[in-house]
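These notes concern the structure reproduced below.
Every number here is computed from the coordinates shown, using simple stated rules; none is lab data. Everything numeric here is computed off the predicted structure, so don't read it as measured data. Here the Cβ is made from the backbone with ideal geometry for all residues, glycine too, and neighbour counts use every protein chain on show.
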Amino acid sequence: MGLVAGLNRPRGNITGVYHLSSGLEAKRLGLLHEMVPKATSVAVLNNPNFADAENQLRDVQEAAAHLGVQLIVARANTESDFDAAFSTFVRQRAGALLVCASPFFNVRREQLVVLAARHAVPAIFEWRDFAAAGGLMSYGTSLADAYRQVGVYAGRILKGEKPGDLPVMQSTKFELAINLSTAKALGIEVPPTLSARADEIIE
C-alpha cells in the first residue's frame, strides 16, 4: 500500500502493527474441514471490492484441491447480496461456509451469523467476535495482542523514539474460537483434537 518504505525500517513518521487477515483463508478452510469432514462442498463468501479478494480465492482454491473439496463461490459487496449468496449455497447443497476476511463482512457479522444459523450452515469466520455472536468458529490474529503491541509502541514514542525507526511489527499470536452451543444446534460433535487446540470454547 506504500504506507512505509519497509517493515524493518519504515522511515518517515509512521509505524505500527500489521495483522494477518486474508492470508489465513487456507488455514481457515483446513480447520472447517476438520470440524465438518463430511462436507464435500464448501461455500465461500468473498467481497470482490476487498483489495486482496483474488489472492484469497487463489489460496482457498489451492487448499480445496489439496483437501478434495468442491468450492461454491459467491461474491457480495452490499447487504442485498447476502440473501442471493445464501440461496445459492442452499441450492447447491453446500455442507459448510467460509466467510473470507473483509472489513465489510466484519461490520455485518450479526447479519451473517443469523443467515448461517437460519440456513443451518456450519461457518468459519475471521474474528472471535463472530463466534461470540453465535457463529460456529473463528480463526484469526489476536486483536488483544495487537492492541498490546500498539500500546508498547505508543509508550516508546512518547518517551522520544522516532516512529520511522521502529519496525512494523507483525502479529504472531493467533486464536481459534469454537461456539459449542452453535455446534450442538447444528448437530456437530466437535472433534477432540480440534477442541484441544482451541484458545476459547464458547458455551
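Quick notes on this structure:
- Residue (of 15, 42, 53) at the positive-pole extreme of region 9-55, dipole from beta-carbon charges: 15
- Neighbour counts of C-beta atoms inside 10 Å place 176, 3 in the sequence 3, 176, starting with the fewest.
- Ranked by how many other beta carbons lie within 10 Å on average, peptides 139-146, 99-106 from highest: 99-106, 139-146
- Spatially, region 127-177 and region 18-83 are offset by 23 Å when compared through their Cα centroids.
- Antiparallel DSSP beta bridges within the chain, as percent of all bridges there, nearest 5: 20 percent
- Largest GNM mean-square fluctuation among 42, 113, 152, using the chain with Cα springs under 10 Å: 152.
- Fewest-first sequence of 88, 15, 182 by Cβ atoms within 10 Å of each Cβ: 88, 182, 15
- Alpha-carbon gyration tensor eigenvalues x 5, square-rooted, for region 74-203, Å: 34, 19, 11
- Dipole magnitude of region 1-146, debye to nearest 20 (Cβ charges: Lys/Arg +1, Asp/Glu -1, about Cα centre): 100 debye
- Lysines with Cα under 25 Å of residue 38, excluding same-chain neighbours fewer than 8 positions away: 27, 184
- Among 128, 156, 58, the largest mean-square fluctuation in a Gaussian network model of the chain (Cα springs under 10 Å) belongs to 156.
- Shape category assigned to region 25-140 from the gyration tensor of Cα positions, a/c cut at 1.5: rounded
- Of the peptides 130-138, 160-168, 29-37, the order by per-residue mean of other Cβ atoms within 10 Å, starting with the highest, comes out as 130-138, 29-37, 160-168.
- Sequence-distant contacts, meaning Cα pairs under 8 Å at least 6 residues apart, place the relative contact order of the chain at 27 percent.
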